[in-house]
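The structure appears right after this line, and notes come after that.
The values are calculated or read from the model by the stated rules, or taken from the named source; none is laboratory data. Remember, it's a predicted structure, so these values are computed and weren't measured experimentally. Cβ placement follows ideal geometry from the backbone for every residue including glycine, while neighbour counts extend to all protein chains displayed.
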Amino acid sequence: MNPKITRFLADRQPATPCLVLDVDQVEHRYRAITDVLPLTRVYYAVKANPAAPILNRLVSLGSSFDAASWEEIRLCLDAGASPDHISFGNTVKKASAIEAAYAAGVRMFVFDSGEELEKIARHAPGSKVYCRLIVANEGAEWPLSRKFGTSVSHARDLMLRARDMGLDPYGLSFHVGSQQTSTEAYEAAIAQVAMLFTDLSAAGLDLRMVNMGGGFPIRYREDVPEIDQFADTIHRALRQHFGNNLPETIVEPGRFIVAEAGVVSTEVVLVSKRGNDKGPRWVYLDIGRFGGLAETEGESIRYALRTGHDGDETGPVAIAGPTCDGADIMYEKAPYALPLSLRAGDRIEVLGTGAYVTTYCSTRFNGFAPLEEHYL
Ligand SMILES: *Cc1c(COP(=O)(O)O)cnc(C)c1O
């Protein structure tokens, strides 16, 4: 565990549940991805964690930002980001949000439908637009597929329409799904994008940009490919499919930049046998699916846990949150074992929780307050 966070937790004993996040580690991860993808612009996916200390640090490092809403754009501007370093990257935007973004100087918008394109043409005339393609999400532990993106042939029509509407048909995007553990997913998507570049070029429209989205994984309980392996695959695919005519490229990492920097500290509320000697013990924490650990839905993201009893003999457990909702179970099928000496009142640290936790927290379900946040 990160020594700075360990020291903070030991010295301060902050009330639980809380997130403690080391902003230096965010910087380290930003540098790691820009080092291996030196020609690619990084647009941090703000939704992963929009906390001001993170945005401020990334602005100071020269990052750009992928924002999902006008509210997120506002946060980036407040952190000092220039509007031409912000992409409005949600394919579903209110007209009022497009208008506000345009008024603030944002000139880059995504779409995946004719209806959205019309909205952008009306409320953000002349802006750069890029179309999101639907690509395979196999290998992703948190897939995003069906809800976003369109087919290659539809995208082709839409890009030509974008030109006719007076917009700047800038490029194409995809997202291979979050916590993507297969490097090949990027390769297949780049091949698809390149074909459409060629096809549109033949139709007299030269696109300039490929937005490869996010998805880069972090280590939770299992090893994942390192970021340089993703970069190698991406470089190889770009060279193979675009030759010397390389487009501008963008990535939008969220999880990769912030997840490992954060630890959620929780208190064990109850350890019980549930009147069944054969079943696992149930460990109830003061945070669960509704307190921010929403990505445990379907047991998709399996966080690593640390306890003060690590090293003691362990036994199998089911792990649940503190609310009165039956869905508030984090792990019942995934094999988790915790020390037999674990008791109510002990603390458990949930690692890799810097992304998709604070903002996934319900506000007052069962009366529980949202988790506190500490940025070091
Ligand atoms: C969520 C999202 C991202 C970030 O994905 P990660 O898997 O966290 O890297 C990037 N781009 C878009 C469009 C997204 O919706």
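Tabulated data for the structure shown
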| item | result |
| --- | --- |
| Number of the condition not met by Ile227 [criteria: (1) in contact with a helix residue (DSSP H, G or I) (Cβ under 8 Å, 6 or more places away or on another chain); (2) over 19 Å from Pro143 (Cβ atoms); (3) away from the ligand (no atom under 16 Å from the Cβ)] | (3) |
| Flag if Val210 is within 15 Å of the ligand (Cβ to nearest atom) and in contact with a helix residue (DSSP H, G or I) (Cβ under 7 Å, 6 or more places away or on another chain) | yes |
| Number of positions in the range 96-150 that are among the aliphatic types (A, V, I, L, M), over 24 Å from His85 (Cβ atoms) and free of Cβ contacts under 8 Å to residues at least 60 places away in the same chain | 3 |
| Residue within the range 31-45 that is acidic (Asp, Glu) and part of a helix (DSSP H, G or I) present | yes |
| Tally of residues being outside any strand (DSSP E or B) and among the charged types (D, E, K, R) across the range 128-154 | 3 |
| Output for the range 317-341, where each listed residue is in contact (Cβ under 8 Å) with a residue 12 or more places away in the chain and assigned to a loop (DSSP other than H, G, I, E, B) | Gly321, Pro322, Thr323, Cys324, Asp325, Ala327, Asp328, Leu340, Ser341 |
| The range 230-272 - residue that is small (Gly, Ala, Ser) and closer than 21 Å to Leu21 by Cα and, of those, surrounded by the most Cβ atoms within 10 Å (Cβ to Cβ) | Ala259 |
| Test: residue in the range 28-47 that is buried (at least 17 other Cβ atoms within 10 Å of the Cβ), in contact with a helix residue (DSSP H, G or I) (Cβ under 6 Å, 6 or more places away or on another chain), under 30 Å from Ala95 (Cβ atoms) and among the small types (Gly, Ala, Ser) | no |
| Candidate set: the range 213-224, residues that are of a type outside the set (A, V, I, L, M, F, W, C) and surrounded by 22 or more Cβ atoms within 10 Å (Cβ to Cβ); chosen: the one nearest to the ligand (Cβ to nearest atom) | Gly214 |
| Residues of the range 252-295 satisfying the condition of being more than 16 Å from the ligand (Cβ to nearest atom), within 18 Å of Glu372 (Cα to Cα) and in contact with a Leu (Cβ under 8 Å, 6 or more places away or on another chain) | Val263, Val264, Ser265, Thr266, Glu267, Val268, Val269, Ile287, Gly291 |
| Test: residue in the range 294-316 that is in a loop (DSSP other than H, G, I, E, B), in contact (Cβ under 8 Å) with a residue 40 or more places away in the chain and in contact with a Ser or Thr (Cβ under 7 Å, 6 or more places away or on another chain) | yes |
| Among residues of the range 116-163, those that are modelled with pLDDT of 95 or more, surrounded by 15 or more Cβ atoms within 10 Å (Cβ to Cβ) and of a type in the set (Gly, Ala, Ser), counted | 5 |
| Members of the range 11-30 that are under 16 Å from Thr353 (Cβ atoms) and either in a helix (DSSP H, G or I) or not charged (D, E, K, R) (or both) | Pro14, Thr16, Pro17, Cys18, Leu19, Val20, Leu21, Val23, Gln25, Val26, Arg29 |
| Any hit, the range 242-250, residues being in contact with a Phe, Trp or Tyr (Cβ under 6 Å, 6 or more places away or on another chain), closer than 21 Å to Ala32 by Cβ, touching a residue at least 12 places away in the same chain (Cβ under 8 Å) and within 14 Å of the ligand (Cβ to nearest atom) | yes |
